[in-house]
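The values are calculated or read from the model by the stated rules, or taken from the named source; none is laboratory data. Quick caveat, the model's predicted, so the values are computed rather than measured. No Cβ is skipped: glycine too gets one built from the backbone with ideal geometry, and neighbour counts run over all protein chains shown. Please note that ligands, DNA and RNA were not included when accessible areas were found on the heavy atoms of the full protein model with its side chains. Shrake-Rupley method; radii C 1.70, N 1.55, O 1.52, S 1.80 Å.
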Amino acid sequence: MKNLLTNTLRAALGVALIGLSVPAAAQPRPEPVRLGLIEGLSGPFANAGEAVHRNLAWAAERVNARGGVKLPAGARPLEIVRLDSKGQTEEALSMLRSAIDQRIAFVAQGNSSATAAALIDAIDKHNERDPQRRVLFLNYAAVEPSLTNERCSFWHFRFDAHADMRLAALMDVLAEDRSVDSVYLIGQDYSFGQHVVRRSREMLAQRRPDLKIVGEELHPMGRIKDFLPYVAKIKASGAQAVVTGNWGNDLTLMIKAAREVGLQAKFYTFYGNALGVPAAIGEAGVGRVLAVAEWHPNAGGVASDHFYAAFRERFPRAADDYLHMRMQAMVEMLVAAIERAGATDPTQVARALEGARFDGAALGGVHQGVMRAADHQFIQPLYVSLMQKAGSGGVRFDNEGSGYGFATVRHLSAARTEQPHQCQMRRP
């Protein structure tokens, strides 16, 4: 019995000494501030979802490299949590429920305005029903205008220019092109694609009533494998320009088909400068494919060049060349709002985001904008750019190793992109 007691005492003393010897560095890692990315990371638009994830992951890496999110109780790392919606709205709602169950207070989504609308509605209802587990929704790409107009929500912030802001810039350039007198409108058959076709028709009627709309087409989203029949109709119409809001593989496959049939029309696009489009059309796109965005690699300036070079160093594969300033600004503005609020409570963070200005300092002096408090629409500059061969005037960088890049043809300051809104914000 004596030996048993002695052995027990020695074991207890050993455990105590081990506990005393644990170094401070082995203390538990602070709980991360988590941002849930609800996006199609598999399925027909997985390439777009993965491209978004790279942007957010890189932004989080920069935040963590400077010490993390600074809060009164100490700095906490920022973590991006992948939540695969498979490109389906029902799956996105399921991922939202998963995020809530994991106590993730901030979620981000963008690829599909229909999905964004469903998420806004679900978050509004959840936040009212369960105020102890509220969620804030950050939108980086769902651009259907109603989301910050009649469907606006206190819990939703949009960091991309909405469709009418982007389209106004594109249509101004198209209206000034007197070599074009006929246009074909084509888009994906859901809320955003329908809106772009409808508003393109209206804007062109205002700016160029002499232009002929020689065709309108809506096609199933993410289900067309061969766009040759669609492009053949465009070619047969004699259209000199095509206006489309298509994105992801729906745009890439349409551009490939245009090259195959030798379509000579100009393409006025929202997203024609990424995800394989320049390589898909090649030389046929020079001087013909236009895109609109808040920034592009050849926007110019030392800060812009340096930031883009840093991204390419982090992601050197040509296929990973997809950098968007709005996504970088979104993460930086979220972190700044959390730090101003001194808490991760979504209500306090939302109030800190309202009216927040972004001066680009966190990105080395690139980009700027303001989050309009009235409707939670980020107001930022826009560029309309034209595809050219790399090395030609103003094209220092190509896209995705294609040998083709984009040069600015129109720059609009943030003040010039701003539009009125119809939001009647209900605040908690």
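Got a number for residues in the stretch 346-359 being farther than 20 Å from VAL107 by Cβ and either surrounded by 19 or more Cβ atoms within 10 Å (Cβ to Cβ) or in contact with a helix residue (DSSP H, G or I) (Cβ under 6 Å, 6 or more places away or on another chain) (or both)? So that I can check it myself, show each step before the final result.
Start the filter on the stretch 346-359 by keeping residues that are farther than 20 Å from VAL107 by Cβ, which leaves 355, 357-359.
Now restrict to residues that are either surrounded by 19 or more Cβ atoms within 10 Å (Cβ to Cβ) or in contact with a helix residue (DSSP H, G or I) (Cβ under 6 Å, 6 or more places away or on another chain) (or both): 358.
Qualifying residue count for the region: 1.
Under the condition of being free of Cβ contacts under 8 Å to residues at least 40 places away in the same chain and either in contact with a Cys (Cβ under 9 Å, 6 or more places away or on another chain) or open to solvent by 60 Å² or more (accessible area, probe 1.4 Å) (or both), which residue from the stretch 372-410 is farthest from CYS152 (Cα to Cα)?
Selected residue: GLY391.
Please go through the stretch 189-237 and pick out each residue that is assigned to a loop (DSSP other than H, G, I, E, B) and farther than 30 Å from THR115 by Cα. Outline the logic, then answer.
The first filter runs over the stretch 189-237 and keeps only residues assigned to a loop (DSSP other than H, G, I, E, B), leaving 189-190, 208-211, 220-227.
Selection gives ARG208, PRO209, ASP210, LEU211.
Kindly indicate the residue of the stretch 238-272 that is assigned to a loop (DSSP other than H, G, I, E, B) and over 20 Å from ASP189 (Cβ atoms) and also most open to solvent (accessible area, probe 1.4 Å) among those meeting that condition.
Taking the stretch 238-272 first, the residues assigned to a loop (DSSP other than H, G, I, E, B) are 238-240, 245-248, 262-265, 270-272.
Applying the additional criterion that residues be over 20 Å from ASP189 (Cβ atoms) yields 238, 240, 262-265.
Numbers: GLY238: 45, GLN240: 68, GLY262: 32, LEU263: 17, GLN264: 111, ALA265: 5 Å².
Filtering the stretch 238-272 for residues that are assigned to a loop (DSSP other than H, G, I, E, B) and over 20 Å from ASP189 (Cβ atoms), the one most open to solvent (accessible area, probe 1.4 Å) comes out as GLN264.
Among the listed residues VAL81, VAL52, VAL143, VAL107, identify the single one that is more than 28 Å from ASN399 (Cβ to Cβ), at pLDDT 95 or above and surrounded by 22 or more Cβ atoms within 10 Å (Cβ to Cβ). Steps first, answer last, please.
Details: VAL81 fails: surrounded by 22 or more Cβ atoms within 10 Å (Cβ to Cβ); VAL52 fails: more than 28 Å from ASN399 (Cβ to Cβ); VAL143 fails: more than 28 Å from ASN399 (Cβ to Cβ).
Criteria check complete, one pass: VAL107.
Across the stretch 150-161, what is the total count of residues that are in contact (Cβ under 8 Å) with a residue 40 or more places away in the chain and either among the β-branched types (Val, Ile, Thr) or open to solvent by 10 Å² or more (accessible area, probe 1.4 Å) (or both)?
Qualifying residue count for the region: 3.
Considering GLY282, GLY301, GLY272, GLY276, which residue is among the small types (Gly, Ala, Ser) and more than 21 Å from ASP320 (Cα to Cα)?
Result: GLY301 is the single residue among GLY282, GLY301, GLY272, GLY276 that is among the small types (Gly, Ala, Ser) and more than 21 Å from ASP320 (Cα to Cα).
Restricting attention to the stretch 273-287, report how many residues are farther than 19 Å from GLU50 by Cβ and crowded, with 20+ Cβ neighbours inside 10 Å.
We begin by selecting, within the stretch 273-287, every residue farther than 19 Å from GLU50 by Cβ; these are 281-287.
Keeping just the survivors that are crowded, with 20+ Cβ neighbours inside 10 Å gives 281, 285.
Residues meeting the conditions: 2.
Working only within the stretch 329-388, note down all residues that are assigned to a helix (DSSP H, G or I), closer than 20 Å to GLN132 by Cα and β-branched (Val, Ile, Thr).
ILE338, THR347, VAL349
Would you point out which residue out of GLY68, GLY74 is open to solvent by less than 50 Å² (accessible area, probe 1.4 Å) and farther than 15 Å from LEU35 by Cα?
Details: GLY68 fails: farther than 15 Å from LEU35 by Cα.
Only one candidate passes the filter, namely GLY74.
Would you be able to say whether some residue in the stretch 120-137 is open to solvent by less than 20 Å² (accessible area, probe 1.4 Å), within 19 Å of ARG166 (Cα to Cα), touching a strand residue (DSSP E or B) at 6+ places or on another chain (Cβ under 7 Å) and assigned to a helix (DSSP H, G or I)? Don't jump to the end; show me each part of the working.
From the stretch 120-137, those open to solvent by less than 20 Å² (accessible area, probe 1.4 Å) are 120, 123, 126-127, 135-137; that's our starting set.
From the residues that got through so far, the ones that are within 19 Å of ARG166 (Cα to Cα) too are none.
Looking for residues that are open to solvent by less than 20 Å² (accessible area, probe 1.4 Å), within 19 Å of ARG166 (Cα to Cα), touching a strand residue (DSSP E or B) at 6+ places or on another chain (Cβ under 7 Å) and assigned to a helix (DSSP H, G or I), one finds none in the stretch 120-137, hence no.
Being modelled with pLDDT under 95, of a type outside the set (S, T, N, Q) and buried (at least 17 other Cβ atoms within 10 Å of the Cβ) narrows it down to one residue among PRO30, PRO44; which is it? Can you show your working first?
Working: PRO30 fails: buried (at least 17 other Cβ atoms within 10 Å of the Cβ).
Checking each option against the conditions leaves just PRO44.
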